[in-house]
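A short write-up of the structure that comes next.
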Amino acid sequence: MTLSTAERKGSARERLLARLLDAFGEALPPPETSLREVAARIETSHALLRYHFGSLSGVLAALLEAQRSRDNETLLEAARQGTFDDFVVAIWRAYTRPERLSRARGFFYVAGLAAYGPEDFREFVESIGDLTAMLSSLAEREGLDAKEARDVAAVTVAAIRGLLLQEILTPGTRPEDAVTLILRMRPADGRSA
């Protein structure tokens, strides 16, 4: 689901989501922000946001899904043009930029909520595997069989997310050459050890 700021047609929920994206851009409102404050920022009522998204957590999840969908479109271009390693570097750079840290925090916040109530965050949970699927496809293109490719992709995404969480919780403690370490998990010939 990609919504451009110019897109004003569609359902009321899509129009509200477009306004949220306009208001928050690459960031997310902090979890301590009230639904009323979010509604005021996009000049609507909190009742309308509650109706379409359920809660502030629902707003955060919808924003993350839309933002990550946009990211995935950009990253997909990198995947088409490059190698598995190039794609890992592109993912790492995309998600470790300082202006993306509020979003990374929001991702882990919503993921934590989804761990307790996956049925309340179904679309978010379903979107979690997008990067893994893209990496898996690249690994297959580079010679791994389907199972190996899925395994390598899953471990790579887990490493990226783990190091990103480490950076959020204890800034400055992740290894400087984190991407090199992640890529070293995969032998140069693309075959798993």
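The figures follow:
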item: Qualifying residue in the range 123-133 (condition: part of a loop (DSSP other than H, G, I, E, B) and out of contact with any helix residue (DSSP H, G or I) (no Cβ under 9 Å at 6 or more places or on another chain)); result: no
item: In the range 168-189, residue modelled with the lowest pLDDT [restricted to those that are surrounded by 12 or more Cβ atoms within 10 Å (Cβ to Cβ) and in contact with a helix residue (DSSP H, G or I) (Cβ under 7 Å, 6 or more places away or on another chain)]; result: 186
item: Leading residue by the ranking (surrounded by the most Cβ atoms within 10 Å (Cβ to Cβ)) among those in the range 94-114 that are under 15 Å from residue 60 (Cα atoms) and of a type in the set (A, V, I, L, M); result: 110
item: Failed condition for residue 120, given (1) crowded, with 16+ Cβ neighbours inside 10 Å; (2) acidic (Asp, Glu); (3) touching a residue at least 60 places away in the same chain (Cβ under 8 Å); result: (1)
item: Which listed residue is modelled with pLDDT of 90 or more, on the phi > 0 side of the Ramachandran plot and either out of contact with any His (no Cβ under 9 Å at 6 or more places or on another chain) or of a type in the set (A, V, I, L, M) (or both), from 112, 143; result: 143
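Yes or no, residue by residue, for (1) closer than 20 Å to residue 113 by Cα; (2) surrounded by 13 or more Cβ atoms within 10 Å (Cβ to Cβ); (3) at pLDDT below 95:
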site: 5; (1), (2), (3): no, no, yes
site: 24; (1), (2), (3): no, yes, yes
site: 33; (1), (2), (3): yes, yes, yes
site: 55; (1), (2), (3): yes, yes, yes
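The values are calculated or read from the model by the stated rules, or taken from the named source; none is laboratory data. Predicted model only: the values in this text are computed from it and were never measured. Every residue, glycine as well, gets a Cβ built from its backbone with ideal geometry; the counts of neighbours run over all protein chains shown.
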